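Presented below is the structure to which this report refers.
The values are calculated or read from the model by the stated rules, or taken from the named source; none is laboratory data. Since the model is a prediction, treat every value here as computed from it, not as a measurement. Glycine also receives a Cβ, built like all others from the backbone with ideal geometry; neighbour counts cover every protein chain displayed. When the accessible area is computed, the model is the full protein with side chains, heavy atoms only, and any ligands, DNA or RNA have been set aside. Shrake-Rupley method; radii C 1.70, N 1.55, O 1.52, S 1.80 Å.
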Amino acid sequence: MFIVAKMAAALRVSCGIQRAIKFGRFLTRPSSFRPKNVTNPNRYREPSAFSQNAHIRYLSSHAATAESSPDPEHHSIIKDTEKATGQSERHEFQTETRQLLDIVAKSLYSDKEVFIRELISNASDALEKLRYLGLSDSANVPAAASQNLEIHIATDKQNRILTIQDTGVGMTREELTSNLGTIARSGSKAFLEQVKNKQGSPGDPSAIIGQFGVGFYSAFMVADKVEVFTKSYQNDSEGLHWVSDGSGTYEISAAEGVQSGTKIVLHLRTDCREFSDDATINNVIKKYSNFVGSPIFVNGKRANVIQPLWMLEPKDVKPEDHVQFYRFVGNSFDEPRFTLHYSTDVPLSIRALLYFPEGKPGLFEMSRDTDIGVSLYSRKILIKSRADNILPKWLRFVKGVVDSEDIPLNLSRELLQNSALIGKLRNVLTSRILRFLYDRSTKQPEDYAKFYKDYGLFLKEGIVTSHDQQEKEEISKLLRFESSTSKSGELVSIPQYLSRLAEGQRDVYYLAAPSRTLAEQSPYYEALKKRNVEVLFCYEPYDELVLMQLGQFNSHPLTSVEKEMRHNKDDESQPEFGGLEKSEADRLVNYIEKALKGKAFSVKVTNRLESHPCVVTVEDMAAARHFIRTQSHQLNSESRFTLLQPRLEINPKHPIIKKLAQLTNSDQKLADLVTEQLFANAMVGAGLIEDPRTLLSSMNELLTLALEKH
C-alpha cells in the first residue's frame, strides 16, 4: 500500500487529481481489499459506481473512523471531575519561604524544562511510597490502590494548561499543608526516616527518588497559577484542593470528584506555552525521565517505552537489546564493540552500562572540546546528560549510562558536577574501565588490537593529561608498540617487555623513528643491538612525549636509547681509535670543535657506532624534539644551539672520519665543509632540524668543491 500511495502521489503531480483518483481506485480493486459500506458491510460496490467527489468523501470518512476507533494502547485516567467545595483556608508562606520560592522560580535551575523532570520525580516518589506500603502494611492499604501505579500527563494547548496526575499515596490535609506549605521540607526524606525506624519491614524504600523538597515549586518557573487535587490512599480520606499563584500565599479547601493520588494542574504563562504541546513534553520525558520505573502516559499514550537496561542483570540482556540501547543513548548508528555492564555497592552504589564504539572516532571526537558521552542518573532519573566530570576527558569516546543512588537529587543538582562525590565516582569508574580494557586485551587480543588502532590516541592522551602516576601506569598497560625482538606488525605491551628483561637490566628502552626500517638503521640502536637488548619502537611523533610523561612503570625507568647513549660510560674506559693514532684523534676532535664553534657543545670519540660516521646526542632527546616542533621558530640559530647543547660523537673506525683526519692537513676548506655536513646530517638523524631544506645550499657547496678535480 505504501508503493501504491507513492505511485498515486506521483500521478497527481503529472496527470492531475482526477486521473490519480481513478488510478488509485484501479489499484485497490483486488479481493484482498474490500471497502465496506457503512449500512451494509457485506456489500461491495465497484469503484465505477462512485463519483469522484463521493470517493474522496468515502476515503476521508474511512480515515476519520480509523482515528476515532478505540486504541488498545490508549489509556488515560485524567478526568475533569474535580471541584473545590466549601470554604477555603488561606495561608501565607513565611518570609524566608517566600524568598526561597522566588529563588526556585527564577534562578535555581538553568533550564525551564526541568520542572517536568521534578514533577515526574515527585509523582514517581508517590507511587513508590504506595508500592512499599502495599508490601509492608498491606492490611491498611486497599489492594486496588497499589495495582495500577501510573503517571499521566495531559496537554491543553488552546488554554495553556498542563496536567500531571499520579495514582500514588496522595496527601491528607495535614500532609498537604506540611509538604506544599513549606519549601525545602522533603516529604520523601521524612518518609525514609520513618522507614528506618521500622525493623524487618519488607519492600524496598530505596526506589524513592526525591529527597529534595523544592522540586514541586519549580512549576512556578512556567506557571502563574498551580492547582493541586489530592486524596490519600487511606480509606475514607477526603479530597482536597490546593492553589497558589506563587506570590506568597496559598489556599486549601475540600474537593469532590478527586481520585486517589495527586493531580497537578499548571496554568502556563504566555511565554511558556510550548509546555502545553505534547511533542515538547514527550521530548523532555525522553531526555530526563525515560527510565522511570512506573509507566508514564502523555495524552493517553505510553511515553517511556525504553527499558533501563542498566538496572537488569547482565545475563538477562540480549545482544540486540544492547545494540538498540547503545544507539539510543549514544545517538549513533553503529554497534558497540565492547560492552561493560556492572554494578557495585562499594565504595559507592553504582550501576553502569558503558559502550565502546565499533566505528572509528570522527574528526570532532578527537577534539578535547567534545562532550563526555556518558549520562549520569540517580535512581533512573537523569541528573545530567553528557556529564562533563563523570569521566576524564580522554575517555570521551565511551558512551552509556551511570546510575548512582549515592548522588542526591537536591537543590544543588545543577552544581553537583564539581562535588567531591563526583570526583570519587569518576575515580571508581575510570579504574573499572581500565581494568575492563586490560581484560579485553588479554582475553580478546585480536579485537583489542583493532580497538587500539582506532582509539590508542585517547589512551596516550590520558597518560599525558593525568596527574596521578598510578593511573598513568594503569593506562600504560594498554599501550602497544613494535619491538626489536618481534616481527614487523607484531605489537607488545610494556608488561610483556618487563617479563623478559635481560639479567641486570632495569630500564625499558625505546626509540622514536618514523618507521621500523629507519629505527633499525638508527645509529642510536647499534650498540643495544650488539648487546641483544630489546628496544620498543615508537613510530608516532607523540609517542616519546607520552613515554617521557609516563617516566617509569612499576619502578622501572623508561629510557630513550639516545639518552642511554649519552650517559653510558662504557666506551670511555677503553677508547678505540680505529687505526688512528691517539694524537691524530685528539687533533681531529680539537679541529671539529673549532669548526663547529657555536653549534656543537662538545665533541668526543665513541666506540658505540659501527656503520655510521657520527651521531648527535642531547641531554633529553624527546623533550628537545618536542621543543623543535613547537617552539624553535621563536629562537634564532645561535640561541637554539645554546639551548640544546648538542654533543657530536665521532666513529674513528669509519672511512669518512679517517679521510676527514687527512683533509684537515691537505684541504682545510673541504675539511670544513665535510665537518659541517657531517654535523648537519647527524642533527637531521636526531630529528633536531626544523626544516632539512635549509641544508641544501651547504650540501651543494660541498659537492661543487669535491668535484672540482674531476
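In table form, for the structure just shown:
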| read-out | value |
| --- | --- |
| Elements of type helices (runs of 4 or more DSSP H) contained in the range 556-629, each with 1 or more residues being modelled with pLDDT under 90 and over 53 Å from the mean Cα position of the chain (by Cα) | 570-573, 582-595 |
| Hey, L434 over 10 Å from the mean Cα position of the chain (by Cα) and modelled with pLDDT of 90 or more or not | yes |
| Residue within the range 358-368 that is open to solvent by 60 Å² or more (accessible area, probe 1.4 Å), out of contact with any His (no Cβ under 7 Å at 6 or more places or on another chain), farther than 23 Å from K443 by Cβ and part of a helix (DSSP H, G or I) present | yes |
| Residue that is farthest from V228 (Cα to Cα) [pool: residues in the range 170-181 that are part of a loop (DSSP other than H, G, I, E, B) and either of a type in the set (K, R) or open to solvent by 20 Å² or more (accessible area, probe 1.4 Å) (or both)] | T172 |
| Residue selected from the range 626-645 under the condition in contact with a helix residue (DSSP H, G or I) (Cβ under 7 Å, 6 or more places away or on another chain) and in contact (Cβ under 8 Å) with a residue 40 or more places away in the chain, by the criterion farthest from L596 (Cα to Cα) | H626 |
| Residue match in the range 397-418 (condition: farther than 26 Å from N304 by Cβ, in contact (Cβ under 8 Å) with a residue 40 or more places away in the chain and not charged (D, E, K, R)) | yes |
| Every pair of residues 6+ apart whose Cβ atoms lie under 9 Å, when the first sits in the range 688-710 and is closer than 19 Å to S637 by Cβ while the second is open to solvent by 100 Å² or more (accessible area, probe 1.4 Å) and of a type outside the set (F, W, Y) | E690/R629; E690/H633 |
| Residues being open to solvent by less than 60 Å² (accessible area, probe 1.4 Å), in contact (Cβ under 8 Å) with a residue 24 or more places away in the chain and out of contact with any Pro (no Cβ under 9 Å at 6 or more places or on another chain) - total across the range 445-466 | 9 |
| Criterion violated by S666 - all others in (1) under 45 Å from the mean Cα position of the chain (by Cα); (2) at pLDDT below 90 satisfied | (1) |
| Residues (in a helix (DSSP H, G or I) and either free of Cβ contacts under 8 Å to residues at least 40 places away in the same chain or open to solvent by 50 Å² or more (accessible area, probe 1.4 Å) (or both)) located in the range 646-671 | P655, I656, K658, K659, Q662, L663, N665, S666, Q668, K669, L670 |
| Helices (runs of 4 or more DSSP H) contained entirely in the range 444-542, each with at least 1 residues that are on the phi > 0 side of the Ramachandran plot and either over 26 Å from the mean Cα position of the chain (by Cα) or not hydrophobic (A, V, I, L, M, F, W, C) (or both) | none |
| Any chance K399 is closer than 30 Å to E128 by Cα, open to solvent by 70 Å² or more (accessible area, probe 1.4 Å) and in contact with a Ser or Thr (Cβ under 8 Å, 6 or more places away or on another chain) | no |
